[in-house]
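*Asks:* Structure provided below as structure tokens; questions to follow.
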Amino acid sequence: MSQRMHASSLSIQRALLLIVVALLAFAIAPAAHAQDDRSVVVTRRDGEITILENGDVNVVETWQVQFRGGPFRFAFRSIPLDRVEAISDWGVSEGDIAYRQSSDQTPRTFTLERSGNEQRITWYFEPTRDAARTFTLRYTLQGALRIYPDGDQFFWEFIESDRGYPINDSRVIVRLPGTFDPSQLLATTYRNTREEQGGAQILDGSTVQFAGQNFGGGTEWEIRVQFPHGVVPSEPPAWQAADDARRAEEAARLARQPFY
């Protein structure tokens, strides 16, 4: 009888253990599911870009962000430094509220850091769940123009490939450092290094508009405008020769691919 009672006690203990495990699994599963439901969609990332007569480029980016799930407390933007000599005058705002640079990571602040060959800005905001927010980034590029005898160019990666969230729409206005005959201007866009059709529009002799849609994670989008040489300082930046050689090699590789 003692053995039967001992076996019965073990059975009860095993049953209780199974119940506890099941309850733990039930408690953890919704939390894990909620974590999986967190997502970010940038419904728009627009740009207002002004090329100054000294060759600097002022950039204003407007992000309309839809947060799903949460909470979310920060966002960031990384810009490669391989096609620019320096980036300065960083700023972040939300409506009329200007964020301040600080390392304490409190809401309405931002930090700057150099990571490898990238400049990264991270901005912090009040915890956000299931809501839309609009952020404005500002910065100035030095040495970002390509200088050629036949025409100077602003050729820029406006949407980067190394991000996990989609960007639904983008519109970029580029204001040139002078007013030209529209026939002297050239403009185009590239998606994952391949030239697109219809993504650029010359609005007048000093303004070019670029537009694109459906930029999934991993999709890169570049804008390119050329204007007459001699308006801005004419020294090519140090990075230009190496980047031109890289692009020529990539173009040759694509030309060797089978044609269907």
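*Asks:* Could you give the size of the charge dipole of the stretch 173-250 about its Cα centre, using +1 on the Cβ of each K and R and -1 on the Cβ of each D and E, expressed in debye and rounded to the nearest 20?
*Replies:* Using only the charged Cβ atoms, the result is roughly 160 debye.
*Asks:* Quick one: Cα centre-to-centre distance for the stretch 78-104 and the stretch 186-209, in angstrom?
*Replies:* Here the answer is 26 Å between Cα centres.
*Asks:* Compute the FRET efficiency between R100 and V40 as 1/(1 + (r/R0)^6), taking r as their Cβ-Cβ distance and R0 = 35 Å, and round to the nearest 0.05.
*Replies:* Numbers: r = 24 Å, r/R0 = 0.68.
About 0.90, to the nearest 0.05.
*Asks:* Leaving ligands and nucleic acids out of the surface, order Y148, Y139 by accessible area at 1.4 Å, largest first.
*Replies:* Of Y148, Y139, the descending order of accessible area is Y148, Y139.
*Asks:* Taking square-rooted eigenvalues a ≥ b ≥ c of the alpha carbon gyration tensor, is the stretch 36-160 rounded, prolate or oblate, where a/c under 1.5 means rounded and, failing that, a/b exceeding b/c means prolate?
*Replies:* Prolate, since a/c reaches 1.5 and a/b exceeds b/c.
*Asks:* Quick one: P(r) of the stretch 160-239 from all Cα-Cα pairs, 5 Å bins, percents rounded to integers, in order of increasing distance.
*Replies:* Whole-percent P(r) values from 0 Å outward: 3, 14, 22, 19, 17, 14, 8, 3, 0.
*Asks:* Given a Förster radius of 25 Å and the C-beta distance between V60 and D162 as r, what FRET efficiency does 1/(1 + (r/R0)^6) yield to the nearest 0.05?
*Replies:* Here the calculated transfer efficiency is 0.65.
*Asks:* Just the Cα atoms of the stretch 124-260, one point each, no solvent: what log10 I(q)/I(0) does Debye give at q = 0.09, 0.18, 0.20 Å⁻¹?
*Replies:* Taking Cα atoms of the stretch 124-260 as identical point scatterers yields -0.34, -1.20, -1.37.
*Asks:* Turning to a different aspect of this structure: At a Förster distance of 30 Å, what's the computed FRET efficiency of S234 paired with T122, Cβ-Cβ distance as r, to 0.05?
*Replies:* 0.25
*Asks:* What is the local net charge at R191, summed over the other residues whose Cβ is closer than 10 Å to its Cβ (Lys, Arg +1; Asp, Glu -1)?
*Replies:* Net charge in that neighbourhood comes out at -3.
*Asks:* How big is the stretch 92-193 by the Kirkwood estimate over distinct Cα pairs, in Å?
*Replies:* Numbers: mean 1/r = 0.0577 Å⁻¹.
So the Kirkwood estimate lands at 17.3 Å.
*Asks:* Something else: Return the loop-located trypsin sites (Lys or Arg not before Pro) in the stretch 165-260 (DSSP other than H, G, I, E, B) with at most 13 other Cβ atoms within 10 Å of their own Cβ; answer none if there are none.
*Replies:* Of the trypsin sites (Lys or Arg not before Pro), the ones in loops of the stretch 165-260 whose Cβ has at most 13 other Cβ atoms within 10 Å are R256.
The values are calculated or read from the model by the stated rules, or taken from the named source; none is laboratory data. What you are looking at is a predicted structure, and each value in this text was computed from that prediction instead of being measured. Note that each Cβ is placed from the backbone with ideal geometry, even for glycine, and that neighbours are counted across all protein chains shown. Surface accessibility is based on the protein's heavy atoms, side chains included, excluding ligands, DNA and RNA. Shrake-Rupley method; radii C 1.70, N 1.55, O 1.52, S 1.80 Å.
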